[in-house]
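Take a look at the structure set out below.
The values are calculated or read from the model by the stated rules, or taken from the named source; none is laboratory data. Since we're looking at a predicted model, the values are computed, not measured. Cβ placement follows ideal geometry from the backbone for every residue including glycine, while neighbour counts extend to all protein chains displayed. Areas reflect the complete protein model, heavy atoms only, side chains present, ligands, DNA and RNA absent. Shrake-Rupley method; radii C 1.70, N 1.55, O 1.52, S 1.80 Å.
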Amino acid sequence: SEKKALGFYLDGRVAAVLGTHTHVQTADEQILENGSGYITDVGMVGAVKSNLGMSVEAAQKRFLSGLKAKFDVVESGAVVFNAVFLEIDTRGKCLKIERVLRQAD
């Protein structure tokens, strides 16, 4: 809700408000009333079989034991690429916002 509130607050002052945190692309892209683009979460770039890009095993060990474990970046396997394409006019208004999602082996 904080991202959405910030989007409305900045609407018309900025070209876009692009949120991220959960690394899961949301399907709520929109152009707000005063011309700012908005999406709650752009998504991530990283391994499909991962915990936010990190080794699943290390994440499980950390959660199950309560002890810190080194988060190793997954460097093989299928990958996901999330992004957002924005079209912005010379006045700084967002004309188009489009989610980009690609996955490759």
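Listed values, structure above:
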{"item": "For the chain, share of DSSP beta bridges that run antiparallel, in % to the nearest 5", "result": "80"}
{"item": "Label-point gap, in nm, between Lys4 and Leu52 - each point 7 angstrom along Cα→Cβ", "result": "2.2"}
{"item": "Hz values of 3J(HN,Hα) by residue in region 4-11 - Karplus curve (6.51, -1.76, 1.60), Gly and Pro given as x", "result": "5, 4, 5, x, 5, 5, 8, 3"}
{"item": "Cα-centred dipole magnitude for the chain, charges only on beta-carbon of K, R (+1) and D, E (-1), debye, nearest 20", "result": "300"}
{"item": "Shape of region 1-67, Cα gyration tensor, a/c cut at 1.5", "result": "prolate"}
{"item": "Among Asp72, Asp41, Asp11, residue whose mean-square fluctuation peaks in a GNM of the chain (springs only between Cα atoms under 10 Å)", "result": "Asp72"}
{"item": "Mean ellipticity per residue at 222 nm, deg cm²/dmol - from DSSP H runs of n ≥ 4 across the chain, formula -39500 (n - 2.57)", "result": "-5000 deg cm²/dmol"}
{"item": "Where region 27-75 is the region considered: accessible area per residue in Å², 1.4 Å probe", "result": "64"}
{"item": "Set of region 17-31 residues, backbone N closer than 16 Å to the point 7 Å along the Cα-Cβ line of Ala59", "result": "21-26"}
